[in-house]
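These notes concern the structure reproduced below.
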Amino acid sequence: MNPLEYLRLQLRLEGKEVIKGKLLRQVEIVLDEEVPLMLIAQLMDQNVVAYFDETLQPELHEELAKLCSEISFLNIDLLSTFLQQRDILFELGHYKTYIFPDTHIAFSDETAKHYSKHDPKVQLFGFDGFVESVYAIEQNNKIISACVSTREDDFCGEAWVYTDERYRHQGLAPKVVGVWAMNLISAGKVPFYSHKIQNVASTNLANRLGLQPMFEEIVFAYV
């Protein structure tokens, strides 16, 4: 798949679809996901795409699309000023998304085990609010690091990983994330890993796993 197809795949995972080439529509409620006012994405191939909430007035779509065509990905001051002048309240988020190389199909680690989200250990760890399968490492009969899909459909899943603060910097997170990704790839699904751009720990984890950056997103979310 090309980068744009991966972006559309992740949007669908969030319950969104693109209509008329540039508008976003919520087609399914997924966790607390809502259609943002605007989303600008720079793809791995350096192409930039912009999508807008379908409920915005058509003239706003056109003006915002024109501004997006005139600026670079990170130069969003004109867009922010445009929205502020129209008393449209928003907050900004900047995210980066990766995919896993196919080499993870052969990844294995005997310390990372498969658990059901109904397992009392998983419930105690707080990972029972996501999908069924949780991949975790335990010590002294307690889970200390785990990875699960925050959301997952027939085509892809997105990782959520957490390690108990007392056990960090021991290489546990790469193990549970690697096993999680291997199982999705084995099932014919795309494992996504995403994080806020300012999250240094998540950036380091992505680098350690050798993940492939696919796109960055700047999201103008409603306040």
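Each value in this text was obtained by applying a stated rule to the coordinates, not by laboratory testing. Predicted model only: the values in this text are computed from it and were never measured. Here the Cβ positions follow ideal geometry from the backbone for every residue, glycine too, while neighbour counts run over all protein chains shown.
Using only side-chain charges placed at the Cβ, +1 for Lys and Arg and -1 for Asp and Glu, the dipole size of the stretch 3-98 relative to its Cα centre rounds to 260 debye. 3J(HN,Hα) along the stretch 184-189, derived from phi through the Karplus expression 6.51 cos²θ - 1.76 cosθ + 1.60 where θ = phi - 60°, amounts to 5, 4, 4, 8, x, 10 Hz, with x in place of Gly and Pro.
Per-residue 3J(HN,Hα) values for the stretch 60-74, derived from phi via the Karplus relation 6.51 cos²θ - 1.76 cosθ + 1.60 with θ = phi - 60°, read 5, 3, 5, 5, 5, 4, 5, 4, 4, 6, 9, 10, 7, 4, 8 Hz in sequence order (x marks Gly and Pro). Look at the alpha carbon pairs under 8 Å that are at least 6 residues apart: their mean separation over the length of the stretch 3-98 gives a relative contact order of 18 percent.
Rounded to the nearest Hz, the phi-derived 3J(HN,Hα) couplings of the stretch 161-176 under the Karplus curve 6.51 cos²θ - 1.76 cosθ + 1.60 (θ = phi - 60°) are 10, 8, 10, 3, 4, 6, 10, 7, 6, 10, x, 7, 4, x, 5, 6, where x marks glycine and proline.
Cβ crowding within 10 Å, taken as a proxy for footprinting-reagent exposure, orders 151, 168 from fewest neighbours to most as 168, 151. A cut-off of 5 Å between modelled amide H atoms, ignoring neighbours fewer than 5 places along the same chain, links residue 131 with 149. Length available on full extension from residue 169 to residue 80: 0.36 nm per residue minus the Cα-Cα distance, which gives 28.2 nm. Against the empirical curve 2.2 N^0.38 Å, the C-alpha radius of gyration of the chain lands at a ratio of 1.10. Taking all Cα-Cα distances within the stretch 100-223, those exceeding 23 Å account for 29%. Quick one: Debye curve from the alpha-carbon atoms of the stretch 3-98 only, equal weights, vacuum; give me log10 I(q)/I(0) at q = 0.14, 0.19, 0.23 Å⁻¹ to two decimals. Debye intensities relative to I(0), on a log10 scale: -0.52, -1.00, -1.45. The listed peptides 71-83, 34-46, ordered by packing as a protection proxy, come out as 34-46, 71-83 (highest mean of other Cβ atoms within 10 Å first). Ranked by the mean number of other Cβ atoms within 10 Å of their residues, highest first, the peptides 207-220, 171-184 fall in the order 171-184, 207-220.
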